[in-house]
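Undergrad: Here it is: the structure, laid out below.
No value in this document is a laboratory result; all are computed from the given coordinates. Treat the numbers as computed from the prediction; the structure is a model and nothing was measured. Don't worry about glycine lacking a Cβ; one is built from the backbone with ideal geometry, like all the others, and counts go over all protein chains shown.
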Amino acid sequence: MDASKNHYDTLGVAPDATADQIRKAYRRLARKYHPDVSKEADAQTRMREINEAHEVLGDAARRAEYDAMAERLRRGATMGPGNGFAPPPGWEDGFSFFRSGGPGAGAEAPDLGAFFSDLFGAGPAGGGAGRRARGATGEDRHAAIEVPLEFALAGGEREIQLRAVEIDAGGRPRPVTRTLQVRVPRGVRPGQQIRLAGQGMPGIGGEPAGDLYLEVRIAPHPLYRVEGRDLVMDLPVTPAEAALGAEVEVPLPGGGTGQVKVPAAARAGMKLRLKGRGLGGDLYLVLSIAVAPADSAAARAAYEQLARATAGFDPRRDLGASSRTANTASTA
């Protein structure tokens with residue numbers, strides 16, 4: 001989490017924006033800048049920034065931590081243990097570091113102070129690596145990597161920039177940037193971990209380094225939601241398609257389109273399943289009814305004809321009393 005970045009400006013919302021305002025702003029920007037649909041020259045870069053901002057501000061706990069860190073930076077505080085070593089700018093770009101044990105296993109929230117304190121042995125006894133035992137194997141480290149949904153579906157090699165630590169010739173730790181190739185398996189799911197052997201904390205006294213475990217996160221997508229192994233998409237249909245049944249075209253995860261059959265008398269909230277179109281699971285289409293506006297004489301006449309033809313249908317009959325005979329409540 002980089003508190004020097006203004007995630008509120010990225011999403012175009014005020015610092016006191018509600019969760020709903022943040023969610024709406026993200027969806028609006030995702031529709032504009034998602035690389036699959038955007039014609040903007042900087043769409044990929046903007047979408048990465050938008051995803052990062054939403055990941056922080058869309059989570060109440062992470063947003064509170066971000067606000068607190070940003071406030072400390074505004075007051076001129078450093079971010080190292082005891083105001084000592086401070087990580088270089090962009091240290092965590094693309095990664096969220098966790099204590100050993102990792103997210104989802106009782107790990108505490110990302111804490112740069114604790115991270116560097118463990119790393120350099122800062123404390124009352126002074127700096128340096130003196131608190132770590134001589135001849136010790138390097139500790140494992142845990143981080144998070146975010147990949148687009150399309151990449152998670154197909155899998156493949158991905159290059160990442162890792163801010164890491166090495167021990168120099170004098171035995172002192174120093175920050176470095178390493179470029180690593182990560183093989184992401186096809187159909188990887190959120191929460192899965194990818195192990196990079198020897199890419200954790202360096203060992204002491206010639207002992208091997210620890211491992212780096214990358215927890216996979218799927219970047220938010222403007223169409224699909226990830227639910228375990230499955231994907232979920234809202235599918236709007238017209239009242240006529242819902243009532244009479246129809247075959248409609250839908251976009252498929254990973255590219256292309258397919259035909260899906262909407263049964264007659266379909267209801268809003270009904271789920272249609274496309275087998276094998278998820279992350280090792282299925283794609284579920286959740287129906288919603290999209291009503292065309294009566295913005296022309298022809299459309300209004302058609303709605304009036306439909307109202308006469310369905311005059312005996314009461315959509316609110318299950319509310320406890322017929323809406324056609326109940327007293328009208330004032331809304332003034």
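Undergrad: From the phi of every residue in the range 270-283, what ³J(HN,Hα) in whole Hz does the Karplus formula 6.51 cos²θ - 1.76 cosθ + 1.60 yield, where θ is phi - 60° and glycine or proline is x?
TA: 5, 10, 10, 10, 10, 5, x, 9, x, 8, x, x, 10, 9
Undergrad: Expressed as a whole number of Å, what is the distance separating the alpha-carbon centroids of the range 5-29 and the range 218-266?
TA: If we compute the Cα centre of each part, the gap is 27 Å.
Undergrad: Distance in nm between label sites at LEU319 and ALA61, each 7 Å beyond Cα in the beta-carbon direction?
TA: If labels sit at LEU319 and ALA61, their model points lie 4.1 nm apart.
Undergrad: Return the long-range amide H neighbours of GLU146 (sequence gap of 5 or more, or a different chain), with a cut-off of under 5 Å between placed amide H atoms.
TA: Residues meeting the amide H criterion: ARG217.
Undergrad: Could you pull out every one of the lysines with an alpha carbon less than 22 Å from that of LYS39, ignoring same-chain neighbours closer than 8 positions?
TA: LYS39 reaches LYS24.
Undergrad: A follow-up question, please. Counting C-alpha atoms alone, how compact is the range 1-77: give Rg to one decimal and Dmax as a whole number, in angstrom.
TA: Values for the range 1-77 (Cα only, Rg and Dmax): 13.0, 42 Å.
Undergrad: Order of GLU65, GLU304, GLU146 from fewest to most other C-beta atoms within 10 Å?
TA: In increasing order of surrounding Cβ atoms, one gets GLU304, GLU65, GLU146.
Undergrad: Give, as a single signed number, the net charge of other residues whose beta carbon lies under 14 Å from the beta carbon of LYS271, with Lys and Arg counted +1 and Asp and Glu -1.
TA: Every neighbour counted, the sum reads +2.
Undergrad: While we're looking at this one, here's another question. With θ set to phi - 60° and the Karplus curve 6.51 cos²θ - 1.76 cosθ + 1.60, what are the ³J(HN,Hα) couplings of the range 31-41 in order, to the nearest whole Hz, using x for Gly and Pro?
TA: In residue order, the calculated couplings are 5, 7, 10, 4, x, 5, 10, 7, 9, 5, 5 Hz.
Undergrad: So for the range 235-293, averaging the separation of alpha carbon pairs under 8 Å that are six or more residues apart and normalising by length, what relative contact order in percent results?
TA: 38
Undergrad: Counting only residues 5 or more places away or on other chains, whose amide H sits under 5 Å from the amide H of ALA246 once H atoms are built in the peptide plane?
TA: The answer is VAL262.
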